[in-house]
Amino acid sequence: QETANGNSYCVKIAVLDIKTRMKSIWVWMGSLWMLFSFSGCSIKGMAVGVTAEIMDTGAAAFEEESDLEFAEKAITGNLKVLEGLLKNSPNHKTLLVLLSRSYGGYTFAFLEDRYDEWRFQNPDKGEEYKRRAGRFYLRGKEFAMRHLREENPDFREVETKDLGAFERSLQGFD
């Protein structure tokens, strides 16, 4: 049937086109849901992975920063963001490496300088920076060790053995 202005046919086509598009959208969303449901992936896991890769690429910005005061203030917040991401994906290799590198870099660049600055002026304050540096180095080391254990299951067996066995186990790493 035709309307007074002759647009009945056009309206039917437009409605059919909208229905087809909506059906396509629902099929697409259902496919995504099935992909995530059956593949073992989660949106959170994917978000952590993408964010980790972005932060890994962006780590160069910290390493290239010439304003040390700015870098020091920025890195501490990023360390906690990385740890928060790691809580959501405890064995994420990129995050473990980033945390190890970042704790080591932060400690070497800033805490050791504070220790050197204060150890003669105020030995107690200098010792506090020394203890803090030790704790942060250990934290970075533990992230590195977790990565090594995750990367090579045989690493657990040799990490407490003699130095030669330990060094041989490291040869399989990139």
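Each reported figure results from applying straightforward, stated rules to the coordinates on display, with no laboratory input. The structure presented is a predicted model; accordingly, all values stated were derived computationally and were not measured. Here Cβ is always computed from backbone atoms with ideal geometry, including for glycine, and neighbour counts include all displayed protein chains.
In this simple spin-label model, placing a label point 7 Å from the Cα along the Cα-to-Cβ direction at both S42 and E151 gives a separation of 2.7 nm. In summary, the aspartates and glutamates within cross-link reach of K93, defined as a Cα separation below 12 angstrom excluding same-chain residues under 8 places away, comprise E53, D56, E150, E151. Here is the list for the range 120-174: trypsin sites (Lys or Arg not before Pro) lying in DSSP coil, each with at most 13 other C-beta atoms within 10 angstrom of its C-beta, are K161. Of all aspartates and glutamates in the structure, those lying under 15 Å Cα to Cα from K125, and not within fewer than 8 positions of it along the same chain, are E112, D113, D116, E117. Per-residue extension of 0.36 nm, minus the Cα-Cα distance of F166 and Q121, leaves a gain of 12.1 nm for this segment.
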